[in-house]
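Peer 1: This is the structure I have questions about; it appears just below.
Every number in this text was worked out from the coordinates using simple rules, so none of it is lab data. The shown structure was predicted, so the numbers you read here are calculated from the model rather than taken from an experiment. Here the Cβ positions follow ideal geometry from the backbone for every residue, glycine too, while neighbour counts run over all protein chains shown.
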Amino acid sequence: MPDFLSSMPFWFVLAFLYVGATLRGQGIYWLGRVVTEQTLRRTHPHEGWRKRVHDWLQGEGTARGIEVIRRWGLVAIPFAYLTVGFQSMIMAGAGVLRIGWGRFSLAQVPGALAWAAIYSTIGFAVWEAALAAAAGSPWGIAGIAALLVVGVATFAVHRRRTRHTAVPLLVNPVDEPTPATAATPDTARRPE
């Protein structure tokens, strides 16, 4: 656990982590929702941070999040907090699908609370113990280095492929609904 939290009472740490998890989820949800409306449907940026956000929301990760929400419904939102690396995809997918804010927020509560409970008790201790055990041995250090190299290489290859084969998942150039948006009436609405 970070030093500034380790001296605090348990309930404060739990509340702090819950608020942090909730705000992170809300931020990604609103990024998906607002940017979907403003960027994906109305503009087609060619460079800068807008293009990166546009590409991220139309990428495979968000598409997987949308698929999971369509398949499992709102129950996917709290369970996303129990995963590593999949939370952002689900939260962005909920925003892209324009799930109502109230429904999203209610679905988010048990997941953010579970995440806060895990990390205020054993979560940080498990991460620290795993890193300490791995860093204490030459094989552990080599394993961590190998994982980092594989992760960076995978990211670089994936990014290069998506740059060359970027195909919009949500809207086509003439702003007609595509099969990805036509499946849910909320997402097929045109801005007024």
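Peer 1: Can you tell me the length gained on complete extension of the stretch T121 to F12, counting 0.36 nm per residue apart and subtracting the Cα distance?
Peer 2: Answer, rounded to one decimal: 38.0 nm.
Peer 1: Label points 7 Å out from Cα along the Cβ direction at L106 and H46: separation in nm?
Peer 2: 4.6 nm
Peer 1: Place the peptides 61-74, 104-117 in order of packing, highest mean first, counting for every residue the other Cβ atoms within 10 Å and averaging per peptide.
Peer 2: Ranking, from highest mean packing down: 104-117, 61-74.
Peer 1: By per-residue mean of other Cβ atoms within 10 Å, what is the highest-first order of 93-102, 9-18?
Peer 2: 93-102, 9-18
Peer 1: Here is a follow-up. Can you pull the percent of Cα pairs in the stretch 1-107 with separation above 21 Å?
Peer 2: Of the Cα pairs, 41 percent sit more than 21 Å apart.
Peer 1: How many angstrom separate the Cα center of the stretch 102-117 from the Cα center of the stretch 18-66?
Peer 2: 20 Å
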